[in-house]
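See structure below.
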Amino acid sequence: MSSTMTLRSGEDLYNSFRDGDNDAFETLVYMYEDELSQFIYGTIRDFHETEHLVIDTFTQLILNKKAFKGSSTLKTYIFGIAKNLMSQHMKKRKREQHISFEEISNLNFDNGETMCSLVEKSDRKDNLIAAMQELKKEYHAVLVLLYFEGMSYRQAGEAMKKSEKQIKDLAYRAKAALKKKLEHNGTF
C-alpha cells in the first residue's frame with residue numbers, strides 16, 4: 001500500500017472503488033476494519049461472530065456500492081450498516097450485549113488520553129466494565145458511538161437511525177443510568 005493511498009479520505013477511496021478501483025476497497029477495509037471490529041465485539045462479545053459481521057458489513061458495502069450518497073461520513077455509513085446487521089444478529093441470539101475491556105482500553109478521547117489510562121487511575125475499572133455490561137443495548141451503543149468512537153450526535157443518530165434530539169436524550173439517559181449503576185455499586 002503506498003503512502004499516498006493511506007492519506008486519502010474514506011469518501012475519496014469509496015468513490016475510487018465505485019469507479020472500479022479494487023485496491024481502494026482494500027484500503028477502505030484496512031482503514032475501518034479495526035474500529036468496526038471493536039464496535040461489533042463490544043456489542044456481541046464473540047470473536048467468531050464479530051469476524052462474520054465485519055465481513056458482512058463490507059459485503060453490504062460492495063453489494064450496494066451505489067447506496068452511499070455522501071449525506072453522512074463514510075465511517076458513519078459503515079457503522080450504520082454494522083448496527084443494522086448487529087441488531088438482526090442480536091434478535092436471533094437474544095443475549096445481553098457487553099463491552100470488553102480490550103475495547104475500552106484501546107479507544108482515545110479528544111484529549112489524547114485512552115480510556116484505559118483513565119480507568120487505571122482508579123481502582124474502579126472492574127466496576128465500570130460491569131456497569132457498562134448491565135446497560136440497555138441502546139444505552140451501550142450510544143455511549144460507544146459518542147465517547148469511544150468519537151462520533152457527533154448527528155453521526156450517531158445516522159448510525160442508529162435516530163434524530164439528533166433522540167440521540168441527545170438517549171445519551172443523557174445512558175449516562176444517568178451508568179452513573180446510577182456506579183453509585184449503586186459504591187464506585188462513583
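Coordinate-derived values only; no laboratory data. Fair warning: this is a prediction, and the values are worked out from it, not measured in the lab. In this analysis, Cβ positions are derived from the backbone assuming ideal geometry, glycine residues included, and neighbour counts consider all displayed protein chains.
Structure data summary
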| read-out | value |
| --- | --- |
| Extension gain, residue 18 back to residue 166 (0.36 nm per residue minus Cα-Cα distance, nm) | 50.0 nm |
| Sum of side-chain charges, residue 170 neighbourhood, beta-carbon under 9 Å (Lys, Arg +1; Asp, Glu -1) | +1 |
| Net charge contributed by nearby residues that have their C-beta within less than 9 Å of residue 76 (K/R +1, D/E -1) | +1 |
| Within the range 145-178: backbone nitrogen closer than 17 Å to the residue 184 label point (7 Å, Cα to C-beta) | 173-178 |
| Most to least packed among 40-51, 135-146, 56-67 [average Cβ atoms within 10 Å] | 135-146, 40-51, 56-67 |
| The range 14-55-the range 144-169 distance, computed between alpha-carbon centres (Å) | 20 |
| Links that overshoot a 29 Å alpha carbon limit, given the list 83/165; 65/161; 66/136; 69/136 | 66/136; 69/136 |
| Sum of side-chain charges, residue 60 neighbourhood, beta-carbon under 14 Å (Lys, Arg +1; Asp, Glu -1) | +2 |
